[in-house]
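Novice: This is the structure I want to talk about, given as structure tokens.
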Amino acid sequence: MTRGEIVRQLLADLLDDHQQFREIEAHLSAQRQAVLRFSQPDLEHHTDVLMQHYRQIHQHAQQRIVSLQQLGLSADQQGMTQLLQGLAPAAQQHLLKIWYELPQQLQRCQQANAYNQQLLDMQHSLLVECMPQGDTADWLYHPHE
């Protein structure tokens, strides 16, 4: 890959990550609704889609490290910022804004994910508390009189 191709791929991945995080936020919200509605098929669907997004973002992060190193830049936030600051002013401003928004997007996604996990934990706790100790099959299918 030429230097220009590496830079173009880094920028394309950056824009894609920005969009991926938007989609993750939407799916986390839909996942929360599925939990509240007790909709197992919807919950599974959104979980599967979220896992695809997470894998894609992870792949981009791994590739970003390699690409920055190939360009002779540090494989961290400073290296990416340095790369973006070297772009033409119009692109630079837009892409730096996106680059600086990514941690905020990630934080919102982490908070939404933690909230969803709390809902699942509460549902699990309620189910466990409502079930009798011992053989639940007898309780569920053969009520005691």
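The values are calculated or read from the model by the stated rules, or taken from the named source; none is laboratory data. Just so it is clear, the model here is predicted, and its values are computed rather than measured. Cβ placement follows ideal geometry from the backbone for every residue including glycine, while neighbour counts extend to all protein chains displayed.
Residue-wise test of (1) assigned to a helix (DSSP H, G or I); (2) in contact with a Cys (Cβ under 9 Å, 6 or more places away or on another chain); (3) of a type in the set (A, V, I, L, M).
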site	(1), (2), (3)
Phe21	yes, yes, no
His27	yes, no, no
Leu36	yes, no, yes
Gln59	yes, no, no
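Novice: When the range 1-18 is examined, which residues are found to be more than 24 Å from the chain's Cα centre (by Cα), without any contact (Cβ under 8 Å) to a residue 40 or more places away in the chain and in a helix (DSSP H, G or I)?
Specialist: Gly4, Glu5
Novice: Counting only residues that are closer than 30 Å to Ser39 by Cβ and outside any helix (DSSP H, G or I), how many does the range 80-122 have?
Specialist: The first filter runs over the range 80-122 and keeps only residues closer than 30 Å to Ser39 by Cβ, leaving 104-122.
Those left that are additionally outside any helix (DSSP H, G or I): none.
Qualifying residue count for the region: 0.
Novice: Based on this model, can you work out whether Glu129 counts as outside any helix (DSSP H, G or I), at pLDDT below 95 and over 23 Å from Arg3 (Cβ atoms)?
Specialist: Details: outside any helix (DSSP H, G or I): no; at pLDDT below 95: yes; over 23 Å from Arg3 (Cβ atoms): yes.
Considered against the rule, which asks whether it is outside any helix (DSSP H, G or I), at pLDDT below 95 and over 23 Å from Arg3 (Cβ atoms), Glu129 comes out as no.
Novice: Mind checking whether some residue in the range 41-55 is within 21 Å of the chain's Cα centre (by Cα) and in a loop (DSSP other than H, G, I, E, B)?
Specialist: Quick first cut of the range 41-55, residues within 21 Å of the chain's Cα centre (by Cα) only: 41-55.
Within this subset, residues satisfying the condition of being in a loop (DSSP other than H, G, I, E, B) are none.
No, that holds for no residue.
Novice: Residue under question is Phe21, and the condition is that it be aromatic (Phe, Trp, Tyr) and under 12 Å from the mean Cα position of the chain (by Cα); does it hold? Walk me through how you get there before you give the answer.
Specialist: On the way: aromatic (Phe, Trp, Tyr): yes; under 12 Å from the mean Cα position of the chain (by Cα): yes.
Answer is yes for this residue.
Novice: Continuing with this model, one more query. Can you say whether Leu102 is in contact with an Asp or Glu (Cβ under 9 Å, 6 or more places away or on another chain) and not β-branched (Val, Ile, Thr), as far as the supplied structure shows? Reasoning before the result, please.
Specialist: Working: in contact with an Asp or Glu (Cβ under 9 Å, 6 or more places away or on another chain): yes; not β-branched (Val, Ile, Thr): yes.
When the stated conditions are applied, Leu102 passes them.
Novice: Next up: Output the residues belonging to the range 26-49 that are loosely packed, with under 15 Cβ neighbours inside 10 Å and within 22 Å of Glu101 (Cβ to Cβ).
Specialist: Scanning the range 26-49 gives Ala26, Ser29.
Novice: Only residues that are exposed (fewer than 14 other Cβ atoms within 10 Å of the Cβ) and touching a residue at least 60 places away in the same chain (Cβ under 8 Å): list them for the range 60-90, please.
Specialist: Gln70
Novice: To continue, here is another question. Test each condition in (1) on the phi > 0 side of the Ramachandran plot; (2) in a helix (DSSP H, G or I) for Gly72 and report the one that comes out false.
Specialist: (2)
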